[in-house]
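The values are calculated or read from the model by the stated rules, or taken from the named source; none is laboratory data. Quick caveat: nothing in here was measured; it's all calculated off a predicted structure. Heads up, the Cβs are rebuilt from the backbone with ideal geometry, glycines too, and the neighbour counts pull from every protein chain shown. All accessible areas refer to the heavy atoms of the entire protein, side chains included, with ligands and DNA or RNA removed. Shrake-Rupley method; radii C 1.70, N 1.55, O 1.52, S 1.80 Å.
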Amino acid sequence: MDSLFDIIFKAAYQDSGYKDNDEYISDEIKVVDMMLSYYHNRVSDEIYEIVKSYASDDLSRARSYIENRLNHTEKNVFLAGKYFRNIYRLSDLEWFFVVAALAAKIDIRIKKRLLKIDETNHIKYGSIFKLYFFEENVFDIKDYFKELFEIKEKLGLFCLDKNFVKIDERVFENITSNAKSKIAFSEVETLYPKNTGALAIREDIARKAYSFFGNKPENTPVYFYVHGPHGIGKTYFMNRVCSLIDRAVVCFDFAKISLSSENFMLHFMAVCREASFLHGFICFENFEKLMENDSESEVSVEFIIETASKFTDCIFIFSSKCEKLPTILRDRYSIAVNLENLSHEESFKIWNLMLKKLPISKEVDIHELANKFTLNPLQIKRAVHEASLKQNWSGAKLIDSEDLSSAAYTQITRELSDKATLIKKKHTWDELILPQEQKKALERACNQIKYKHIVYDKWNLKNTVLYGTGLSMLFTGPPGTGKTMAAQVISNELHLEIYRVDLSRVVSKYIGETEKNLAEIFDSAKKSNVILLFDETDALFGKRTEVKDSHDKHANLETAYLLQKMEEYDGITIMTTNLMNNLDQAFFRRISYVVHFPLPDEKSRKLIWQKIFPKNAPISKDVDFNFLAKKFEISGGNIKNVIITSTFMAASEEKEIKMKHIIKALEYEMKKQGKMVAKSDFAEYGYLL
């Protein structure tokens, strides 16, 4: 009987290596074809053993022939089939199953011959066992059930269907297209990290992870449980670690496909196979989604971790909610990597990196941006991009502080609900008429934000002052003296948004409600990077009373709670009051700046009269600002009301603003306050009434 090996294979070329993957896979398929020819050509029982002997010898010769050609193949020739077998550490029998499945998909003739072994509609595992061992009955194969279970368990995970010998689509594409990676799922992403150098921040943490992986016990997978809010840099961290180790990583996002989805296992196994095929790592993003259903979470997590660990020696697990290491990881070679919110120094580095190649104004202070906004790296990147687009759109040559601050605020979720109202910041230092001492105090307060990085970071005051690093201010004085305006000036100076807290919606008669409302406001403000303005706070921040009943005791607790939240808040809190004497002395110890707003003197009143009138307003030459400033000792708020009333009076007559309009408006303002008014109160201008 002639040997089929000599007919099918050209042994004369056995010392030449493979030119490409197609040539190699072609030879592997020839082995299956050869065995099918032997199996279907056994004529009778008399020659069965002879044919079996030939088939066994030729199978060994074919394997030696292919191995010899592989050894002569040049190192720069990539063979996906060989790579696949080596990665999965497949035995000759296991590899024969894979090649049989490949051949059945490529060649319909071979598929029909494989189906004919057991006359079935699907290629059975038993059929391939019969073909490989050249037996008519699988029960004649030694340890058949043990071998069957092990092959189904292994190949069913890696590349074949567990019920029939059918190759996975992704594996087929990888091998036949000679590619290391080719996944068609949007939920699955393969990253090939490039070594772009050290990270701008947290390079030390990435280096620790690299060492942690390098020191792991042999054949032990590593688990990095990376926790931190969205956008904090979990992916950058992972990419850096992978670039240091020189491995690819296959990512799966649990936010894109739920555990209950009918395609979950298809996608999940694609990730595992791809990671193994690439000899890479696995990353599970939004892992907390698995924890949402408590009844299934423990079983789900255990299954996913156990299965994935069979395909890779390193798994990254990303979570933005659950800080604790999952129970299943605690007895494994695992470590929790907590990526917390950026420090000022880290924030400065990210801002500086993003702005480095952009045209920015000289007045842009990057340290000030880092001080004012608690943003993560992704938000900073987006803010800079938005500011750059705005600059291009407007045609401006440079990006200024206002552009950057405005763009930064668009990255923040503002959740102050209905308990606070946004105040548009319009006023500037020039508009604020105050004694020099008070203005200096306000400027010093602004500097506490601008130069926070020097004091707390560069000079390390943060090591001494562990809390209370925010800025709290108390403005006291009669109504209309500019307290709210001063808050707006600070808002404008620092390019920070300011929210006025609606105390009527905060203070509650129900025990615990006031504290709950305050907690909501401060927590939202922390996320939003805003100034909190508690206007006219006498009702909320009055003296703590002597405890006579449970209501007095609770009122004191509310006050203490407010003081605590003010100290914990890293931003700016401004409170205003008309009655300073009503305040508890405990406030003054915990407040950074107390600024008293006096009624304006004559000189200040004249400036207020002149500045509030708009430049385009038609003011008559008969308006006597000196008389108004000297005669009427009123606040800036009263002056504003008089000017508004007088301008509308003049507009209704379609005339310029005259002294008579102002005198009549003054009369109305004084009567509004309950004062008795006589013509003599207006001296030489009394005749205008």
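Evaluate the charge dipole of the stretch 1-152 about its Cα centre and quote only its size in Debye, nearest 20, assuming +1 on the Cβ of each Lys and Arg and -1 on the Cβ of each Asp and Glu.
Here the stretch 1-152 has a charge dipole of around 560 debye.
Work out how much length Asp15 to Glu169 would gain on full extension: take 0.36 nm times their residue separation and subtract the Cα-Cα distance, in nm to one decimal.
Residue separation times 0.36 nm, minus the Cα-Cα distance, leaves 52.1 nm.
Only sites in a loop by DSSP and with at most 16 other Cβ atoms within 10 Å count here; which trypsin sites (Lys or Arg not before Pro) in the stretch 558-646 make the cut?
Lys615, Lys621
Label-point separation (nm) for Lys675 and Lys611, each offset 7 Å from Cα along Cα-to-Cβ?
With each label point 7 Å from Cα toward Cβ, the separation is 2.2 nm.
What does the charge count around Met473 come to, taking other residues whose C-beta lies under 11 Å from its C-beta (Lys +1, Arg +1, Asp -1, Glu -1)?
In short, +2.
Could you check how much of the accessible area of the chain is carbon and sulfur, as a whole percent, using a 1.4 Å probe? It would help to have the intermediate numbers written out before the result.
On the way: 17540 of 35450 Å².
Carbon and sulfur atoms account for 49 percent of the accessible area of the chain.
Report the residues of the stretch 623-641 in range of a label on Glu684: point 7 Å along Cα→C-beta, backbone N strictly under 20 Å from it.
Within reach of a label on Glu684: 623-633.
State in Å² the accessible area per residue of the chain; use a 1.4 Å probe, count heavy atoms of protein chains only, and round to the nearest integer.
On a per-residue basis, 51 Å².
What angle do you read, to the nearest 10 degrees and between 0 and 90, between the alpha-carbon axis of helix 377-394 and the longest principal axis of the chain?
Long axis of 377-394 versus the principal axis of the chain: about 60 degrees.
Which whole-angstrom value gives the distance between the alpha carbon centres of the stretch 644-685 and the stretch 110-162?
Cα centroid to Cα centroid, the span is 104 Å.
Quick one: if the Förster radius is 60 Å, what FRET efficiency do Asn286 and Lys603 give, using the C-beta to C-beta distance and rounding to 0.05?
0.40
For every helix of n ≥ 4 consecutive DSSP H residues, a contribution of -39,500 (n - 2.57) applies; sum these over the chain, divide by its total residues, and give [θ] at 222 nm rounded to the nearest 500 deg cm²/dmol.
-15500 deg cm²/dmol
In debye, nearest 20: dipole of the chain around its Cα centre with unit charges on the Cβ of K, R (+) and D, E (-)?
Its charge dipole is roughly 2960 debye.
Would you mind checking the pairs Lys381/Lys462; Lys30/Lys116; Lys362/Lys397; Lys381/Lys450 and listing those with alpha carbons more than 20 angstrom apart? Walk me through the numbers on the way to the answer.
Values: Lys381/Lys462 27 Å; Lys30/Lys116 18 Å; Lys362/Lys397 12 Å; Lys381/Lys450 22 Å.
Pairs exceeding 20 Å: Lys381/Lys462; Lys381/Lys450.
Efficiency by 1/(1 + (r/R0)^6): what FRET value for Glu633 and Ser406, r their Cβ-Cβ distance, R0 = 30 Å, to the nearest 0.05? Please list the in-between numbers first.
Working: r = 41 Å, r/R0 = 1.36.
Computed FRET efficiency for Glu633 and Ser406 comes out at 0.15.
For Val594, enumerate residues with amide H under 5 Å from its amide H, sequence gap 5+ or separate chain, H modeled in the peptide plane.
Long-range HN contacts for Val594: Leu474.
Kindly express, to the nearest 10 degrees and within the range 0 to 90, the angle between helix 45-71's C-alpha long axis and the longest C-alpha principal axis of the chain.
Helix 45-71 and the main axis of the chain meet at about 50 degrees.
On a 20 Å Cα-Cα criterion, which of the cross-link pairs Lys152/Lys216; Lys111/Lys166; Lys621/Lys655; Lys603/Lys655; Lys356/Lys424; Lys216/Lys310 come out too long?
Lys152/Lys216; Lys603/Lys655; Lys356/Lys424
In percent, how large is the relative contact order of the chain, given Cα pairs closer than 8 Å and 6 or more residues apart?
Working: 956 pairs, mean separation 60.2, N = 689.
It rounds to 9 percent for the chain.
Using a 1.4 angstrom probe with every protein chain in place, what is the largest-first accessible-area order of Thr573, Thr374? Mind showing how you got there, number by number?
Numbers: Thr573 0, Thr374 85 Å².
Descending accessible area places them as Thr374, Thr573.
With the contact rule set at Cα under 8 Å and sequence spacing of 6 or more, what percent relative contact order holds for the stretch 299-419? Write down the numbers at each step before the final one.
Values: 81 pairs, mean separation 25.7, N = 121.
For the stretch 299-419, the relative contact order is 21 percent.
Between Lys526 and Lys105, what is 0.36 nm times their sequence separation minus the Cα-Cα distance? Round to one decimal in nm.
The Lys526-Lys105 span can extend by a further 145.6 nm.
Roughly what would the spin-label model give for Thr196 and Asn581, points 7 Å off Cα along C-beta, in nm?
The two pseudo-label positions are separated by 6.5 nm.
If you take every residue apart from His385 with its C-beta less than 15 Å away from the C-beta of His385, what net charge results, scoring Lys and Arg +1 and Asp and Glu -1?
Charge balance in the 15 Å sphere: +3.
Once you put a point 7 Å from the Cα of Lys439 and another 7 Å from the Cα of Asp365, both along the Cβ direction, what distance in nm separates them?
So the two model labels end up 1.8 nm from each other.
What do you get for the angle between helix 264-278 and the principal long axis of the chain? Use alpha-carbon atoms, 0 to 90 degrees, nearest ten.
70 degrees
Could you list the residues of the stretch 461-505 with an amide nitrogen less than 13 Å from a label point located 7 Å from the Cα of Thr421 in the Cα-to-C-beta direction?
From the stretch 461-505, the list is 499-505.
How long is the gain from Ile511 to Lys216 if the chain were fully straight, where each residue apart is worth 0.36 nm and the alpha carbon distance is subtracted?
The span from Ile511 to Lys216 would gain 100.8 nm if fully extended.
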